[in-house]
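A quick write-up on the structure given underneath.
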Amino acid sequence: MTEAFHLQQIDVIRSKRSRPVAIWLLVGVFMIVVQIILGGITRLTDSGLSITEWQPILGTLPPLNEAQWNKAFEGYKQIAQYKNLHAYFTLDDFKSIFFWEWLHRLWGRLIGIVFAIPFVLFLLQKRFSKDMINPMLILFLLGGLQGAIGWIMVKSGLNDENLYVSHIRLAIHFITALGLLVYTYWFALQLLVPPGQKLVLPSSRTFLFWIIGLLVLQLIYGAFMAGLKAATAAPTWPSINGSYLPAGIGSYQGREGTFFSALVNNPVTIHFIHRNLAYLLSLLLLVWTSKVARVQGSPLFRRVRWIPLALVIVQVGLGIAAVLTSLQKKPQQWGIFEWNAQLHQAVAMLLLLSLVTVLFLHKASGSSEGATRDA
C-alpha cells in the first residue's frame, strides 16, 4: 500500500513538471493544423509557385517597395504557370497569390520559433526526463525535413514545362506534415493521459492499425486528387462519369499496359480509388464502432469512441460536395468548391487525430502500464 502510494506521488510530481511541456506540444499541434490548412488554401488559390526563391531569413519579410514587388513578379513571369495560365495577371493579381504562399512560409518559420525557444527554456528548467530528449530531437528533425520537402515540391513547378507542382511530391509533403502532426500529438498524449485511462483490447487495437493504414493510403490519394485537380475529371456522383467502373481505368495517356502509371497518374483511376477507399473506410469504422460500443472501458474512451465514425460520415459528405461543385471553380475567386475542398481536408486531419486518440487509449497487452480489460 505504501509503495503504491509512493508511485502515485511520483506520477503526480512528474505530471506537474511535464504539464507545461504538454501544453507547449498541443500549441504545436494547433499550429501544424493551421499550417496544413494554409497549405490547402495556397494550393486552391494557385499561390504555391508565386515565390520562386527560398530565402529562410530574408524571405521572412514580403517585398517592401515597388521595385521589390516588380522583381518578385518578374521571377514568377519566367515559369510555365504564368506563361500558360496567368499571363493576364497584373501586379495586384500577383500580390494576391503571393500573400498566401508568403503566409504559409512565415507560419512555418513561426512554428520553428515556437518549438525552439520553449525547448531551451524547458531544458534549463529540467522539465524533460531523459526518455524525452531523443523524441524531442526527432521532432526537430521532422520539422526541418518538412521544410526541405516543401521546397523540393515547389521546385518541381518552377520551370517552363509544368503548370503545377508534382502531385507525387505534393503527396509526400502532405503525408510528412501529417506525420509531424501525429508525432507531436502522440507525444502530448503521453504526457497528459494517465495510464489508467487505457484498456487492453488486442483485436480492436489491431483493427485500428488496419484502419489507420488504409486512411493513410486514402490521404495519399487525396493529395493525388488535389495535385491533378482530379475532381473535375469526374464531377458526378454516385457514378463516375456515368458508370461505376470508368473506361480507361487501367491506362495512362491512352497507352494500355501501364497499370502502375495509371494508379498514380491517371486522374480518373485516382478518382475511382479515392472514392472506394472512402466507402471501405466508412464500412470498417461502422464495424469497429459497433464492436467497441459494448465495451465499458475508461471514461475518456467512452467519450471519444464515437468521434471517428461521425467524422468519416462528414468527410464523405464533404468529398461528394467537393466533386459535385468542382466545375464551379473560377480563377482568383473563393467560392463553394473551395470551401468544400478545404473543409474536406480539415476534417480529414481531425479524423486522423481522432483515430490516433482511440489507438493511444489501447494498451499493448504486454505493456507494464495499468489498464482495464473489457470483454
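Under 6 Å between Cβ atoms, at least 6 apart or on separate chains: pull out the pairs that start in the range 229-253 with a residue that is among the aliphatic types (A, V, I, L, M) and end on any residue that is part of a strand (DSSP E or B). Here the result reads Ala234/Ile240, each pair linking the range 229-253 to a residue that is part of a strand (DSSP E or B). Selection of the range 131-173 for residues being polar (S, T, N, Q) and touching a residue at least 24 places away in the same chain (Cβ under 8 Å) yields Gln146, Asn159, Asn162, Ser166. Is it the case that the range 197-205 has a residue that's surrounded by fewer than 15 Cβ atoms within 10 Å (Cβ to Cβ), of a type outside the set (Asp, Glu) and either modelled with pLDDT of 95 or more or not assigned by TED's automatic domain parsing to the domain that holds Ser18 (or both)? Yes, because at least one residue in the range 197-205 is surrounded by fewer than 15 Cβ atoms within 10 Å (Cβ to Cβ), of a type outside the set (Asp, Glu) and either modelled with pLDDT of 95 or more or not assigned by TED's automatic domain parsing to the domain that holds Ser18 (or both). The single condition among (1) surrounded by fewer than 16 Cβ atoms within 10 Å (Cβ to Cβ); (2) charged (D, E, K, R); (3) not in a loop (DSSP other than H, G, I, E, B) that Arg169 does not meet is (1). Against the numbered list (1) under 20 Å from the mean Cα position of the chain (by Cα); (2) exposed (fewer than 12 other Cβ atoms within 10 Å of the Cβ), Lys130 comes up short only at (1). The residues listed here are Leu61, Leu91, Leu44; of these, the one that is among the aliphatic types (A, V, I, L, M) and in contact (Cβ under 8 Å) with a residue 60 or more places away in the chain is Leu44. For the range 327-335, does any single residue satisfy the condition of being modelled with pLDDT of 95 or more and in a helix (DSSP H, G or I)? The answer is no; no qualifying residue exists. Pairs linking a residue in the range 191-210 that is of a type in the set (S, T, N, Q) to a residue that is part of a helix (DSSP H, G or I) and surrounded by 13 or more Cβ atoms within 10 Å (Cβ to Cβ), with Cβ atoms under 6 Å and 6 or more positions apart or on different chains, are Gln197/Leu300; Ser204/Val292.
Table: residues versus (1) acidic (Asp, Glu); (2) free of Cβ contacts under 8 Å to residues at least 60 places away in the same chain.
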{"site": "Ala262", "(1), (2)": "no, yes"}
{"site": "Val292", "(1), (2)": "no, no"}
{"site": "Ala310", "(1), (2)": "no, yes"}
{"site": "Trp334", "(1), (2)": "no, no"}
{"site": "Glu338", "(1), (2)": "yes, no"}
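Those helices (runs of 4 or more DSSP H) of the range 47-154 in which 2 or more residues are at pLDDT below 90 occupy 91-124.
Within the range 278-326, being surrounded by 17 or more Cβ atoms within 10 Å (Cβ to Cβ) and of a type in the set (Gly, Ala, Ser) holds for Ala278, Gly297, Ser298, Gly319, Ala321, Ala322, Ser326.
Among the residues of the range 65-88, those identified as in contact (Cβ under 8 Å) with a residue 12 or more places away in the chain and under 17 Å from Leu163 (Cβ atoms) are Gly75, Tyr76, Gln78, Ile79, Ala80, Gln81, Lys83, Asn84, Leu85, His86.
Taking the range 74-108 as the range and being of a type in the set (A, V, I, L, M, F, W, C) and under 30 Å from the mean Cα position of the chain (by Cα) as the test, the residues that pass are Ile79, Ala80, Leu85, Phe94, Ile97, Phe98, Phe99, Trp100, Trp102, Leu103, Leu106, Trp107.
The values are calculated or read from the model by the stated rules, or taken from the named source; none is laboratory data. Keep in mind the model is a prediction, meaning the values are calculated, not measured. Ideal geometry is used to build each Cβ from the backbone, glycine not excepted, and the neighbour counts take in all protein chains shown.
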